Amino acid sequence: MVDMPSNLLNAIDNLSKCKNFDLKKTKEYVSNVVSEQGNPLEKFVRASFCGIPDTKRNNMSSDDVFCFQGQKNHPPDAMLRNAGDAIEIKKVEGISTIHLNSSLPKQRLYADDKMITNKAVECEEWKSRDMLYVIGHIKKDTSPVRSLFFFYGDCIFKRNEYYNDIFESAKNSLKGIDKIQQTGNEYGTIKDVDELGINTDMRLRPLNSFDHPLKVFSKIVQHDKNAGFSLFTIMRSSKFKSFPIESQKLVLNSGLEHKNEHIRDPDNAGKKIAVEIFSFTSS
């Protein structure tokens, strides 16, 4: 295993050195670096934690970087070793609403989360991880990635308990419905809803969504719509300082633009929190 596991700062430094963001042209290299699990965007993002995604330079084995590399229909899409970040990757065709589907918004991912699989729970010993979201913009019927926005859940969402309580309250309000069966992360299924004996079931589940981070942070993040590729990263200053000094120096001395800002604390609207913003644009 590598002496210093990869992290977000290593990944964005690698992306700032990448020359090709076309998923079709980088497919062969990326497939040799990471597992086949996931769509091309997910694999490209995972590859950025292993090295520069369009070359074989500074490449690390994905097994050294990740303890978990995703499982179909179950979050997260990856988890970094040594109880590092859990990563959820979403593809959009524009600066539009981000859909989490049945998954609730999260600041952190916990090992007892009902939506994750045993494989994710047992990949290494852990209790919780910071939740890192990655939003990739790829225009319809094209393959180049136009932008990647990395942000931590605690920069946008309230604590997990807030959403869990609302979900459980909504779920409990449906208990009185005749013939409803309730399990797991869905509100329930009403069995034989029309009583015609043809097993007509009505499935009730949450479809969670939120605004694109470029819209959420529009006052502090400037997006050039004509750029060939844009990279944005936002994290609490306390999170940035938790990374190894070597990684901090790497991005501070790279070609990434860096600035300090303050944003609303999701858990306290009257309070501001300090954040670090890193960005990169190429033609």
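Each value in this text was obtained by applying a stated rule to the coordinates, not by laboratory testing. In this text, all values refer to a predicted model and were calculated from it rather than measured experimentally. No Cβ is skipped: glycine too gets one built from the backbone with ideal geometry, and neighbour counts run over all protein chains shown.
Observations on the structure shown:
- What separates the Cα centres of segment 118-148 and segment 88-105 is a distance of 11 Å.
- Length gained on full extension, Lys56 to Leu196, computed as 0.36 nm times the residue gap minus the Cα-Cα distance: 44.3 nm.
- Rounded if a/c under 1.5, otherwise prolate or oblate - segment 241-283, Cα gyration tensor axes: oblate
- Once you divide the Cα radius of gyration of segment 156-221 by 2.2 N^0.38 Å, the number left is 1.59.
- Annotation: cysteines of the chain without a disulfide-compatible partner (Cβ-Cβ under 4.7 angstrom) are Cys18, Cys50, Cys155.
- Global dimensions of segment 42-139 from alpha-carbon coordinates: Rg and Dmax equal 13.8, 39 Å.
- Across the chain, the volume of the C-alpha convex hull divided among the residues equals 151 Å³ per residue.
- A straight Cα-to-Cα reach below 21 Å connects Lys171 with the lysines Lys106, Lys114, Lys158, Lys179, Lys191, residues fewer than 8 places away in its own chain not being considered.
- With contacts taken as Cα pairs under 8 Å and at least 6 residues apart, segment 146-283 reaches a relative contact order of 27 percent.
- Global size of segment 100-243 as Cα Rg and Dmax, reported in angstrom: 19.7, 62
- Taking 29 Å as the limit for the C-alpha separation, the pairs Lys19/Lys91; Lys139/Lys241; Lys119/Lys259; Lys25/Lys140; Lys140/Lys215 exceed it in the case of Lys139/Lys241; Lys119/Lys259.
- The residue among Phe280, Ser237, Leu252 whose Cα reaches farthest toward the positive pole of the charge dipole of segment 206-283, with charges on the beta-carbon of Lys, Arg, Asp and Glu, is Ser237.
- Alpha-carbon centroid distance for the pair segment 171-214 / segment 62-87, whole angstrom: 30
- Simple spin-label estimate for Lys175 and Asn118 in nanometres, 7 Å along Cα-Cβ: 2.9
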